[in-house]
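Here's the structure we're looking at; comments come further down.
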Amino acid sequence: MGIYALRRILTSIPLLLVITALIFTLLQFTPGDPLDAYIPPDQVISVQQRQIIKEELGLDQPKAVQYVRWLGQALQGNLGFRIKNGEPVSREIARRLPPTLLLMGLGVTLGVAFGVLFGVIAAVKRYTTLDNVLTFLAFLGISTPAFLAGLLGLYVFTLKLGWFPAGGYQTPGDGSPLDILRHLLLPALILSITYVAVLMRYTRSSMLEVIFQDYVRTARAKGIGETKLISKHVLRNALIPVVTVIGANVANLIGGAVFLESIFSWPGTGQLYLDAIDSRDYPMIMGITLVLAAVILFANLITDLLYGLIDPRIRYS
Amino acid sequence: MTALTAAPVRPRTPTRMALKRFLRHRLAVVGLALLAVIILLSIFGPLIARFEPDQIDLLSRSQPPSSVHWFGTDQTGRDVFARTLIAGRVSLMVGILSTFISLVVGTVLGALAGYFGGWVDNVIMRFVDVVMTFPSIIVLLTLAAIVGPGVDKTIIIIGLLGWPLACRLVRAKLLSVRELDFIAAANALGATDRRVLLKHALPNVIDVLVVFVSLGVASGILTEAGLSFLGLGVQPPQASWGNLLTGARELTVLEAYPWQWMPAGALIVLTVLATNFLGDGLRDALDPKARQ
């Protein structure tokens, strides 16, 4: 296990470097002179002064050197300054990250729980009407874009039924965890829809593959009860490929979070990202891109490690 | 004297067998029919609609559906029915063209990697790995922010994100095909690499690519809808299903004028659903060994 983990971590590092290099390259193509980001707009300076500042910031060095310096700064937590108000990018990101992690965390938990549950039900009751209904709902789930589901959810559950507040993090004056949960629940549920739909189909097909295996037949012939059979033998083995699916969809989750944070006015990184794009705040855009890419890479790594933990056959390949 | 000709026999070609398998999938057939209806509506609908999609009528702003305006009007009095239909043209076109770009780029690179192997394969697959690891939403939004909005740019960006999948599919298929005897025979007979690839190897990849196209169009439509919804894809006054939903970002529109955004939303779901059913049916029909 240790060697497998080490190997996986080591392969992640060059990937991270390539991604950061790509982001840096993209940064070079953003419109505008990068020098202007560091000069207050109302200050008039001469050409010589611009040259001095340029040298100071290292902007006249070859691109490779600039990349290394930028990377070094980024690793120390300096991601540049916002064009909007000159505040450090990392400070704002740090402030906005917890709500997003909260939203994504609850979304993943609900998605995995319901997805696996419905998948198991569909597999056990295969070919019945319930199975067909669930499969159809799964198709519906993957055909609906996240923002549309969000709009519909908002329309039905908030505006028409009044069950949930219309958005935001908390009601002013109240900040209790229960209040935050009320605000969090609807967007998290909508976010989980993609996971539920995808996981349900995967769990169902994976379970169907396992159920017809010989060792399950043997266990059943030995007289084990159906419930224990499903939960102890079938499910454990069926869940192995499902873990990879969970990891592979993290990118989709982040995409969905971006849209849903906008629709539900949830004060997270996604909303920050959209604001930055609207105001063409390139340092912020690149900073968030870097953070999100790192998060996804990290999630993939964790998934691979988990996979190695669950399935011993992987460790020895 | 007996008749010298018997009744003509229809040969059982693989295509005919695949067609039979396909027609057995009720959902896939429904999907195909639905898709055909939507495409026809998008092409011919605006021609038969009573109003021009861009026709502003400030005296009838935000009217609910009526016998005059079948889907009501939007905030500047434009007919929602006409706008929704013509938006279909844009959204479908973006989906189809972007998938086409992914198809061409992916097939070329996949063919090179799969057929020639060696270092070519290695380089291309490393490239594919990197692009695939990149979270597409982020690349999409960042690129769109840098290059700017617009239909053509949207098509290119979405196309550039889909090619790694096509590349992998083509490569995988070619890796198994190139071991087959008829390839060896063609090579032994002295066919150039180019001829073997184009005439013998690639035609076997078509079944995988057909499925890719159907699912790619679905994905392209969803992506375009997301981008346009945020204001980064297709720009108003040009309509697409995504940017028809932009108005719903405001709670007043969302609650009070549902006819302005629900048709576009419904059409997105129906089109993608139909395409997904179709793709599923095609996959089962063309490769019955593939388990879902």
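A few remarks follow.
- All positions within region B:63-113 that are surrounded by 22 or more Cβ atoms within 10 Å (Cβ to Cβ), aliphatic (A, V, I, L, M) and touching a Lys or Arg at 6+ places or on another chain (Cβ under 9 Å): B:82, B:109, B:113
Residue-wise test of (1) of a type in the set (D, E, K, R); (2) within 27 Å of residue B:280 (Cβ to Cβ); (3) at pLDDT below 85.
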residue: B:19; (1), (2), (3): no, yes, yes
residue: B:32; (1), (2), (3): no, yes, no
residue: B:37; (1), (2), (3): no, yes, no
residue: B:51; (1), (2), (3): no, no, yes
residue: B:55; (1), (2), (3): no, no, yes
residue: B:67; (1), (2), (3): no, no, yes
residue: B:87; (1), (2), (3): no, yes, no
residue: B:95; (1), (2), (3): no, yes, no
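- Residues that are within 11 Å of another protein chain (Cβ to nearest Cβ) and in a loop (DSSP other than H, G, I, E, B) were ranked within region B:227-256; the one that is farthest from residue B:39 (Cα to Cα) is B:250.
- Residue that is surrounded by the fewest Cβ atoms within 10 Å (Cβ to Cβ), among those in region B:257-269 that are over 28 Å from residue A:276 (Cα atoms) and at the interface with chain A (Cβ under 8 Å from one of its Cβ atoms): B:269
- Leading residue by the ranking (modelled with the highest pLDDT) among those in region A:57-82 that are polar (S, T, N, Q), in a loop (DSSP other than H, G, I, E, B) and closer than 20 Å to residue A:293 by Cβ: A:76
- Selected residue [crowded, with 17+ Cβ neighbours inside 10 Å and within 14 Å of chain B (Cβ to nearest Cβ)] from A:110, A:152, A:102: A:152
- Under the condition of being within 14 Å of another protein chain (Cβ to nearest Cβ) and over 22 Å from residue B:131 (Cα atoms), the residues counted in region A:239-265 number 8.
- Restricting attention to region A:169-218, the residues that are of a type in the set (Asp, Glu) and either modelled with pLDDT of 90 or more or more than 28 Å from residue A:126 (Cβ to Cβ) (or both) add up to 2.
- Residue match in region A:229-237 (condition: of a type in the set (S, T, N, Q), surrounded by fewer than 18 Cβ atoms within 10 Å (Cβ to Cβ) and within 11 Å of another protein chain (Cβ to nearest Cβ)): no
- Qualifying residue in region B:114-124 (condition: buried (at least 19 other Cβ atoms within 10 Å of the Cβ) and at pLDDT 85 or above): yes
- Within region A:207-224, the set of residues being loosely packed, with under 11 Cβ neighbours inside 10 Å and either in contact with a Ser or Thr (Cβ under 7 Å, 6 or more places away or on another chain) or more than 14 Å from chain B (Cβ to nearest Cβ) (or both) comprises A:214, A:221, A:222, A:223.
- Selection of region B:138-154 for residues being out of contact with any Phe, Trp or Tyr (no Cβ under 9 Å at 6 or more places or on another chain) and touching a residue at least 60 places away in the same chain (Cβ under 8 Å) yields B:140, B:144, B:149, B:150, B:151, B:154.
The values are calculated or read from the model by the stated rules, or taken from the named source; none is laboratory data. Note that the structure is a prediction, hence the values are computed from the model and not measured. Cβ coordinates were reconstructed from backbone atoms using ideal geometry, including for glycine residues, and neighbour counts include every protein chain displayed.
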